[in-house]
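Notes for the one structure printed next.
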Amino acid sequence: MDSLLFPFLVALVMLPFRAAQSSSNDSTVDFHVGIILDLNSSVGRVGRSCISMAFSDFYSVHKDYKTRLVLHFRDSNESVVDAAAAALDLLRNVRVDAIIGPQNSAQVDFVMNLGDRAHVPVVSFSATSPSLVHRAPLFVQTSQSDAYQVQAIASIIQAFKWNQVVVINEDTDYGNGIIPDLSNALNGVNARISYRSVVPKSATDDFISQELYKMMGMQTRVFVVHASPSLGTSLFLKSKELGMISAGYAWIVTSGLTDLFHLMDYEVVESMQGLLGVKPQVPNSKQLRSFSGRWIRTFLREYPDMKVSDETSVFGLWGYDTLWALAMAAETVGRTKSNVVKNKNGDNAANPFALESSDTGPKLHDALLETRFPGLAGEFKLVNGQLEQTPYQIVNFDGNHEIQVAAWSPYVKSNHKGNLNETNSNFTPKVKFRDITWPGHTTVVPKGWEIPVNGQNLRVGVPRKPGFNEFLKVEIDPTTKSVKVSGYHKQVFESVMAALPYAVIPKYVPYEFLNANGSAAGDYDSLVYQVSKQEQFEAAMGDITITYDRSLNADFTLPYAEGGVSCIVPIINEDPTNEFTIFTLLSKQLWMTAVVFYLANTLAIWILGSRILSNAREPPGQHPGMICYFPCFPGENISLFSSTPQSDFSTLSCDERFILNVGQGLDANLLCLILVAWSSVSCLMNSTLTASLSSTLVVRSLRPAVTHVDQLIAKKYPVGCQEGSFLFDFMVKLGFLESYIRNYSSTKDCEDDLSLGTENGGIAAYCDVVPHIRLLLSQTCDKYVAIEPTYRTEGFAFAFPRGSPMVSDVSRAITKLIGDQTIQDIENQWHTNVTCLVQDSSPGSPTKIKVKTFVVLFVFSGFVTLVCLLVSELFDLHKKGVLLQKISGFKANLSSRIHHGALKLSKLKLVLIPQKQEVELQAVQEVGVRALETAAQP
């Protein structure tokens, strides 16, 4: 009896307590949350442990909350299909209000679409791909986007002045998503991705080894790795095995690997020594320290076989904060009614993806976006569906520790207010680094580039094309396939390589410009682009002109040969003379001066001849003819004077026959002097005119068909240029129409069309770089000539990958060889046959002979004529007695004037001089009068 009564009494006592508990449960609203993780991965295990602790911590602090999350864990088994199946189960059977996860970006990309169909928010704390947040309206990314850490990586590249990097990324959404942002960030610090190795997530060791061997053969020694922990561990173990974790190499890993470094095995940790990593910076708070201690104990109880450290993974902290934020959002939303609405898409059996829609999901999503609180990982604040960007720390892996060597912050000071509230995603502030231990346990900063040390030579691309073999000739032996390179460019390149402070053995790799059928296969632009890829070769040499577009893909050394673009045209024969050509050879002033002197000499001869011929035996009617004949043909007149007729005025003389004919005396000799002087002017003018006329008739008959490039453009003449070069685009920019520009792969075809001319379907001009034009003219200078102008361009240079330190070394070597005339000697050796230089071939007008050429002779002739006329006139007056009469009359007149003046003077003195001096004055006057009379007598 007592045994039956006791349970009954206990039941009566417990009944009030059960009723109170039932009442409490009825007042709490449950929010079902599905959690999808890869429970066999490090991130999945850490995430589950932290979320479980967050659940207990939150509700131990918020006991008065009327809502409560109910957690449903699912394992995705690192599979997108399993993740999708788990999501369908949670949405259809459990009817969850939210989903946390899945773990990686590929799984999230599928599950977020299911959540969007069911109007259930999907919240991921571990998927970091930048593009996820824009793919579904109800997706929330409570982790730092990978787009945020690229600026921190770029700051490392900038700090150590590296110009190019090799990127190794996993071939998944997670691995590929960072590439666009990383490329832009590197461009912002004048760096670039020289090579990108895309490795499958399930790559074998052989595949990884093959990729690493390929990268060892490249020049770049800076590597950025963005991969999952499973692929990253295999990659670094193999890199360590191949000797790539050694001095001279620099490795940078993204936050996905950096954050899990303390959870990796000992072998993996050893293979990552000296690497740099970036990860979000977590504030060291009291709450975090307390949590870390509790989490380590909890984690080791759940996973005793795993390695842990004092530092908690940031993914675990993000998972912890995510559950707190979701619990706060649930409390904000609340719920009293059913949250399920029947989907209108049809029966579930007909459509496996037909899901019932939640009316609470969008509200929960909106409340989550507004949630803000201080979390363990820092301030929890969502901006545009993503966790707000925070500073990043840059760590150095040394031993088992991550040593912070620098910090990068997205906040920059305002130029005006001096605050830290503004961010600039396009700005990469410079970061100061502490001492770093690099791979190989060295403190020497890797220079980022090395000559490949895998036994291969420096692969140099050389253009293989017809024409201009004196510059570069590439031959391939059809049997052995060996490559033989010769020419000016090759000798210069090898001389420069020999002048470097280290040994470089070039291996020439032909780059075909023409296919077997003669069609175009490549050009100089694609050759330079291949240099940037470093797959076929790491440098290029040949007649490569520096252009802006090419400089975007490669770095060029200093030019070792002159630049410029010029055009050549055919030379044509044309007679430029006409009936007035002879009159254009002398200037107007010279013609007028000659006519004036002719008339003056005619007058002088007429004056003298009238006196001579009046006594001669010739009839008077012949006198005017002889007078006009003498000045026109002085050479023939003077030949009458000598016994042997001749026109050489150096032996002029008057013989006896002329004197007998025209008389003897002074006038005849003066006439001879006038004719001698005028004949000197006449003979020299005649010789000069003859020489100028001969030059005009012979030299000016050769002239270019066109004299200026502008004429080619204006008249739309067809022109040619070298195929595969930059000249086509260059000529289009000058104004040539594309349809009038023809490409030539050989000089023979070009010469053939130049010889044809435009009338026969040929071309009017051929344009090329100046070195090629000079060589072409040296071989055909009797057929073509260069025209103006010569356009300025950069010269020939060697191309290397961007950022290659070899560029500065080679440029210094080129400067040295130019200074000691080595390059000039090489040019003379290969271009010794260049004898026809580019010259100004415009015909212009002939140089006219001016008066100043004969001014001395004209003055001499005029002086002689004037003197002879004066002497003849004086002699004639003396002969007629008129001169003596005039002299006597002049003396008498002078004496009379002197006597009259003396009388006037004496009268004036009588008035002024005292009487006592009058006698003396009269005596003086008388003496003066007698002296004057004596002087006046003949």
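Evaluation of residue 231 against the conditions (1) crowded, with 22+ Cβ neighbours inside 10 Å; (2) under 33 Å from the mean Cα position of the chain (by Cα) shows that the sole unmet condition is (2). The residue pairs whose first member lies in region 58-77 and is touching a residue at least 24 places away in the same chain (Cβ under 8 Å), whose second member is among the basic types (Lys, Arg), and whose beta carbons are closer than 8 Å, counting only pairs six or more residues apart or on different chains, are 59/68; 67/335; 73/48. Does residue 223 count as of a type in the set (Phe, Trp, Tyr), assigned by TED's automatic domain parsing to the domain that holds residue 186 and not in a helix (DSSP H, G or I)? When the stated conditions are applied, residue 223 passes them. Candidates 786, 764, 797: the one that is more than 24 Å from residue 571 (Cβ to Cβ) and among the small types (Gly, Ala, Ser) is 797. Here region 733-750 is the region considered, the condition is being under 20 Å from residue 524 (Cα atoms) and touching a strand residue (DSSP E or B) at 6+ places or on another chain (Cβ under 7 Å), and the residue that is surrounded by the most Cβ atoms within 10 Å (Cβ to Cβ) is 750. For the condition touching a Ser or Thr at 6+ places or on another chain (Cβ under 6 Å) and under 22 Å from residue 440 (Cα atoms), residue 237 qualifies. Whenever a residue of region 711-731 is in contact (Cβ under 8 Å) with a residue 40 or more places away in the chain and part of a helix (DSSP H, G or I), its partners that are buried (at least 20 other Cβ atoms within 10 Å of the Cβ) and of a type in the set (Asp, Glu), lying with C-beta atoms within less than 7 angstrom and at least six residues away or across chains, give the pairs 727/768. Do we have residue 800 as touching a helix residue (DSSP H, G or I) at 6+ places or on another chain (Cβ under 6 Å) and of a type outside the set (Gly, Ala, Ser) here? In short, yes.
Of the set (1) assigned to a strand (DSSP E or B); (2) closer than 26 Å to residue 551 by Cα, all apply to residue 736 but (1).
Applying a threshold of 9 Å to beta carbon distances and a minimum spacing of six or more residues, or different chains, the list of pairs starting in region 849-864 at a residue that is closer than 21 Å to residue 671 by Cα and ending at one that is among the aromatic types (Phe, Trp, Tyr) reads 858/597; 861/597; 861/678; 862/597; 864/678. Can you find a residue in region 87-104 that is closer than 19 Å to residue 318 by Cα and out of contact with any strand residue (DSSP E or B) (no Cβ under 8 Å at 6 or more places or on another chain)? Scanning region 87-104 turns up at least one residue that is closer than 19 Å to residue 318 by Cα and out of contact with any strand residue (DSSP E or B) (no Cβ under 8 Å at 6 or more places or on another chain). Every listed requirement among (1) buried (at least 19 other Cβ atoms within 10 Å of the Cβ); (2) farther than 21 Å from residue 50 by Cα is met by residue 80 save one, (1).
Every residue, every condition in (1) under 20 Å from residue 387 (Cα atoms); (2) touching a Lys or Arg at 6+ places or on another chain (Cβ under 9 Å), yes or no:
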position	(1), (2)
31	no, yes
93	no, no
96	no, no
136	yes, no
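The residues listed here are 450, 494; of these, the one that is at pLDDT 90 or above, closer than 30 Å to residue 814 by Cβ, charged (D, E, K, R) and surrounded by fewer than 19 Cβ atoms within 10 Å (Cβ to Cβ) is 494.
Quick check on this structure: which one of 266, 249 is within 15 Å of residue 396 (Cβ to Cβ) and either modelled with pLDDT of 95 or more or hydroxyl-bearing (Ser, Thr, Tyr) (or both)?
Working: 266 fails: within 15 Å of residue 396 (Cβ to Cβ).
Exactly one of 266, 249 is within 15 Å of residue 396 (Cβ to Cβ) and either modelled with pLDDT of 95 or more or hydroxyl-bearing (Ser, Thr, Tyr) (or both), namely 249.
For (1) in contact (Cβ under 8 Å) with a residue 12 or more places away in the chain; (2) touching a Gly at 6+ places or on another chain (Cβ under 9 Å), each residue gets a yes or a no:
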| position | (1), (2) |
| --- | --- |
| 441 | yes, yes |
| 450 | yes, yes |
| 460 | yes, no |
| 467 | yes, no |
| 492 | yes, no |
| 519 | no, no |
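Report yes if some residue within region 54-75 is surrounded by 20 or more Cβ atoms within 10 Å (Cβ to Cβ) and over 18 Å from residue 325 (Cβ atoms); otherwise report no. Yes, that holds for at least one residue. Against the conditions (1) surrounded by fewer than 24 Cβ atoms within 10 Å (Cβ to Cβ); (2) touching a Leu at 6+ places or on another chain (Cβ under 7 Å), residue 113 satisfies every one except (2). Of the residues examined, residue 209 is one that is more than 23 Å from residue 394 (Cβ to Cβ), among the small types (Gly, Ala, Ser) and modelled with pLDDT of 90 or more.
The values are calculated or read from the model by the stated rules, or taken from the named source; none is laboratory data. Here the structure is a predicted model, which means the values were calculated and not measured. For neighbour counting, all protein chains shown are included, and Cβ atoms are generated from backbone atoms with ideal geometry for every residue, glycine included.
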